[in-house]
1. Which entries of 42/180; 151/173; 151/180; 64/93; 35/151 show an alpha-carbon separation above 20 angstrom in the structure shown?
2. Highest first, please rank the peptides 36-47, 125-136 by the mean number of other Cβ atoms sitting within 10 Å of their residues.
3. Mind running the shape call on the range 13-133? Use the C-alpha gyration tensor, a ≥ b ≥ c as the square roots of the eigenvalues: rounded below 1.5 for a/c, prolate if a/b tops b/c, oblate otherwise.
4. With every protein chain present, what accessible area does residue 13 have (1.4 Å probe, heavy atoms only), rounded to the nearest 10 Å²?
5. Residues of the range 51-88 with backbone nitrogen within less than 19 Å of a virtual label 7 Å along the Cα-to-Cβ line of residue 27, please, listed as ranges.
6. Using θ = phi - 60° and the Karplus relation 6.51 cos²θ - 1.76 cosθ + 1.60, list the HN-Hα couplings for the range 89-100 in order, rounded to whole Hz, with x at every Gly or Pro.
7. Run the simple label-point estimate for residue 69 and residue 35 please: 7 Å along Cα→C-beta, distance reported in nm.
8. Shape verdict for the range 67-183, please, from the Cα gyration tensor: rounded (a/c under 1.5), prolate (a/b greater than b/c) or oblate.
Amino acid sequence: MMGKAEENIVFQHFSHGHQFVYINKQSNAICSGCKLNILPGKFYYKCETTCSFFLHQECFNMPKILQHLVDPIHHLTLLATVPCSSKCNACGKEIAGFSYSCDKCSTYYHTLCLLALPLSMELPSHCHKLDLEFCPPYDFECDLCKKPSYKGWLYHCSSCEFDAHISCAIARKTENTGDKLMELLSIYMKVTEEISVSQDQLQQPTQQTPSYQFSDGCFSIDLAKSQLLNDESHMRKDEVETKEKSNVAYVTLANAIGSEVCMGLGREMEKAYKTNDSNKERSRSSCCPDILETLFCLKK
């Protein structure tokens, strides 16, 4: 391994037009190859000019031409850049930084997915060895995270059909082999998983206001439409009256009423209208205030 004696030697790399120096200094450098932070105390390559171009030692030394079992017929070529929005065929994540590509198959792979993922592994949570599969044998649910399958690689147990996303398997692999590429891959999987969870949370739909639909002989309460009527208080009186003539009872609720009260109102009104009272029409116009009063008293 190179050390301090080589710090003054300059190096060339196909990905960058300037020369590199090999150093070990504290910095907030991000590797241009894998887009991960370079950890303190690690030797790395830095552009000798003012360019913010850095490379892990492992990323700097990746082979330019590679053969892999995923594509045994063709050679895979190391690329410094990829077409916009290209995704890794292994993990399904968008590629930034270096990648391996097969120009004949038009496929792209993260360098770490291709170089660091072992062809088989053992997990503490499973009694059999898991083999790396390049294509899911069926639609599966990951037995580690319980999320559905995807089109990428997975770890599969042929003995009992135990299946795991590669990111889930790597996250639960406790054996420390000292492999630097595996160390980087573990960090990469953790970072991308955190980003994916954050994006899922942002994309979750806002909670819908509940709508109660009772029997045909009774009526329904659509709280969403009730709130809409509140917002449309500027509408002409005849327009509001037209809507109220429909077979749906719209209950106008103040914004201060919480969802718990609204749901309680629905349950209570359902009970109130499941009755043989011949004066239903009169009861309908008078029960709402009573129920609301009761609910607010309980709420307090």
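The values are calculated or read from the model by the stated rules, or taken from the named source; none is laboratory data. All values derive from a computational prediction rather than experimental measurement. All Cβ positions, glycine included, derive from the backbone under ideal geometry; neighbour counts span all protein chains shown. What goes into the accessible areas is simple: the full protein's heavy atoms, side chains included, and nothing from ligands, DNA or RNA. Shrake-Rupley method; radii C 1.70, N 1.55, O 1.52, S 1.80 Å.
1. In this structure, 151/173; 151/180; 64/93; 35/151 exceed 20 Å between Cα atoms.
2. In decreasing order of mean packing, 36-47, 125-136 become 36-47, 125-136.
3. Because a/c hits 1.5 or more and a/b fails to exceed b/c, the range 13-133 counts as oblate.
4. Estimated to the nearest 10 Å², residue 13 gives 20 Å².
5. 51-62
6. Karplus-based 3J(HN,Hα) across the range 89-100 equals 6, 8, 9, x, 8, 5, 8, 10, x, 6, 8, 9 Hz.
7. Taking the simple label geometry, residue 69 and residue 35 are separated by 2.8 nm.
8. prolate
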